Every structure is written in structure tokens, then in C-alpha cells.
Amino acid sequence: MHIHRKRPWDLPEHAATPEHVFLNRRNFLVSGAAALTAPSILSPALAQEADPSTGLYPAKQNGRYQLDGRDITPEAVNANYNNFYEFGSSKRIASAAQALKIRPWTIRIDGMVDKEQTIGIDDLLKKVELEERLYRHRCVEAWSMTVPWSGFPLKALVAIANPAASAKYIRFETFMDPKMAPGQRQTWYPWPYTEGVTMAEAANELAFLVTGAYGKPLAKSFGAPIRLALPWKYGFKHIKSISRVTFTDQRPKTFWEQLQSAEYGFWANVNPQVAHPRWSQADEEVLGTNGKRIPTVIFNGYGEYVADLYKGMEKERLWA
Ligand SMILES: Nc1nc2c(c(=O)[nH]1)N[C@H]1C(S)=C(S)[C@@H](COP(=O)(O)O)O[C@H]1N2
Ligand SMILES: [Mo]
């Protein structure tokens, strides 16, 4: 029997509907280019394609990760205010992102591993135990949200990959398919989107691979079917729709670093005292609260978990 569980982030239907209608209209009116190049985004059939992992959610919440008195951001706000440049550079990509085809979906695990492998997302989901965690998320653009993510610790994927002891970094890559993702036809970007962490960061308990949110499989706009969450780092480290995971001894050059290294570095740990070259990082706008701003906290408030990772590295550009 299907039991509908009322969760704190569920919005009444009347609150969610106008936003949805607004978004569809906006896509016609504003994103004319995207609509022209990807007519299929308007097909309701595509939007309703079944997700075989639906039965895995909601996952049991791990109460260890709390929000420091912040509220969960309503789903209708979070799922409609996204950075996902593969589907456009505005925040309103949720409708365009419906073109993302999430099955079949495979993840290539390669580089300095015992045995390279390609694993289907549903096979991977069978090998791990899903849990729900409440995480804060701080974008480098000085806005923040809080999300009930579901997923599994990154270190579980490291165990499946069985990397060589000499591997120092993990490099993540997003899918590459310019036919499906209009943003990838903009050749001035260094596609595919790439990100990276050190092996020590990957082993940290906070590093989380996200496969669901709000008690359901991950919405496409959030980076279905699998994205990263590193809540002590700026949002651009949270690479979406991962299709390749490479173990390496070379520090990966990330998407934003390739595009603008003066503004976006490899470490990108949250620090209110280190301004972005073009704006302050001292405070942040909390999504869904009519523009309310709160002070930003070092490591986004997760210092007790991660500060030790960076001891003795003060000469590195740790903060942006
Ligand atoms: N592949 C890919 N991953 C990405 C991005 C992107 O444009 N493409 N944007 C990043 C940025 S800047 C942020 S803030 C988060 C946004 O995640 P959200 O849309 O779930 O809030 O995704 C990150 N991951
Ligand atoms: Mo971001």
C-alpha cells in the first residue's frame, strides 16, 4: 500500500502551483532559444518518465546532521532555483532540465584503481545503504539553502572502486551530450563539468553522494541521478549528474578553475572573511525567506568535522 508521508517541507498544493505555471510560461517567453533548440522539453511524457529507484525513498534520516536552527527550504523554492549550466545560465532551468535522460545511466570508475569498471546507477544503489541527511548549502554567489538530501557517504564509493594507495585525488565528471544539454553547445565553456577532492576529503564523513532529495529520487534540476554534496565548500564543488569518477595523483583542474581561476580555486572552502574578487562573502541570502540575510559561518558551520583536513596547509589558497 502506498502511504503518503507528510514531511515538513511539503507545500500545500495551492502554494506550489502558481510557481510551476509561472516557470512554464517563463520558459516560453524568456528562454526562447532553449525552447527552439530542445522542443522535447515541452513534452509532458518526458517530464513524467518513471524512475526505477522511487521505492528506495524516503530513506531513514541520520539524525547526526542538523541545521543549526535553520529551517528546511521549501522544495518548490529549491527545485526551481538552480545552477546547472548544461541547461542554461539562469536559475530557472528546472523545465529545460527535463530533457536530461537519467536511464540508462552508468558511471565509469577508472584511473588508479585495481580494476576499471562501469556500473549502472541502479546496480550501484543496490550496493550501498541510503540515508537522509539535513545539509546546509552555500553558493559562492552568496545565497544559501538547506536540503534533506538522500544518498550515501562518498567513502562507500571509494570502497567499491578500491583505488591504489598512491591515488591522491578523485576527479568527477558530468555527462557530455550537447544534443541533450543545450548549454554544452556553448563552446566557450570547458565542458564537461569537472570537479575534484583529495582522498582525505573523500574519506571525511560529511562527503556525500546524493541520489535523492525531499524523500524522493533526485529531481533533474538537482543533478539526477547522482551528484556530490560537500557542505563545507562552496556550491560549485557539488558536481551534478556524475558519469565518471577517476582516481589520480594529479590535482584535477575543475570547470570553474579553467574558466576563471582568479575567482574559483580548487579548495573553495566557505569563509566569510575572504571576499570573492567581486563581492563580499560575509553574509548570505537565505532562499525562500523574502531576501533575509544571515552571517556566513566559516566552513559553512562544519568546522568541527573538517578543519583538521587543512592543518598545516595555510599557504594554500583554501578559501575561494
Ligand atoms: N554539472 C554541473 N554541476 C553543478 C553546476 C553546474 O552548472 N553543472 N553548478 C554548481 C553550482 S554553482 C551550485 S551552487 C550547485 C547548485 O545546486 P542546486 O541547483 O541543487 O542548488 O550545483 C553545482 N553543480
Ligand atoms: Mo554555486
*Which one of these does Trp256 not meet: (1) open to solvent by 20 Å² or more (accessible area, probe 1.4 Å); (2) more than 8 Å from ligand 1 (Cβ to nearest atom)?*
(2)
*asked:* Show the residue pairs meeting these rules: Cβ distance below 9 Å; 6+ apart or different chains; first residue within segment 266-281 and open to solvent by less than 60 Å² (accessible area, probe 1.4 Å); second residue assigned to a loop (DSSP other than H, G, I, E, B) and among the acidic types (Asp, Glu).
replied: Phe266/Glu316; Trp267/Glu316; His276/Glu141; His276/Glu263
*Tell me which residues, restricted to segment 110-129, are closer than 17 Å to Ala213 by Cα and either within 16 Å of ligand 1 (Cβ to nearest atom) or surrounded by 18 or more Cβ atoms within 10 Å (Cβ to Cβ) (or both).*
Ile121, Leu125
*Of the conditions (1) open to solvent by 40 Å² or more (accessible area, probe 1.4 Å); (2) basic (Lys, Arg); (3) modelled with pLDDT of 95 or more, Lys315 clears all except one; give me its number.*
(3)
*Count of segment 196-213 residues which are within 12 Å of ligand 1 (Cβ to nearest atom) and surrounded by fewer than 24 Cβ atoms within 10 Å (Cβ to Cβ)*: 0
*Scan segment 211-261 residue by residue and report those that are more than 20 Å from Pro104 (Cα to Cα), of a type in the set (Lys, Arg) and either more than 16 Å from ligand 2 (Cβ to nearest atom) or not in a helix (DSSP H, G or I) (or both).*
Lys233, Arg251, Lys253
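Let's see how each residue does on (1) crowded, with 17+ Cβ neighbours inside 10 Å; (2) without any contact (Cβ under 8 Å) to a residue 24 or more places away in the chain; (3) more than 16 Å from ligand 2 (Cβ to nearest atom); (4) among the small types (Gly, Ala, Ser):
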| position | (1), (2), (3), (4) |
| --- | --- |
| Leu67 | no, no, yes, no |
| Lys91 | no, yes, no, no |
| Trp105 | yes, no, yes, no |
| Arg108 | no, no, yes, no |
| Tyr135 | yes, no, no, no |
_Could you tell me how many of the residues in segment 284-310 are more than 23 Å from Arg64 (Cβ to Cβ) and open to solvent by 60 Å² or more (accessible area, probe 1.4 Å)?_
5
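The values are calculated or read from the model by the stated rules, or taken from the named source; none is laboratory data. Worth saying up front: this structure is predicted, and the values here are computed from it rather than measured. Positions of Cβ are backbone-derived with ideal geometry, glycine not excepted, and every protein chain shown enters the neighbour counts. We work out accessible area using only protein heavy atoms, side chains counted, and drop any ligands, DNA or RNA first. Shrake-Rupley method; radii C 1.70, N 1.55, O 1.52, S 1.80 Å.
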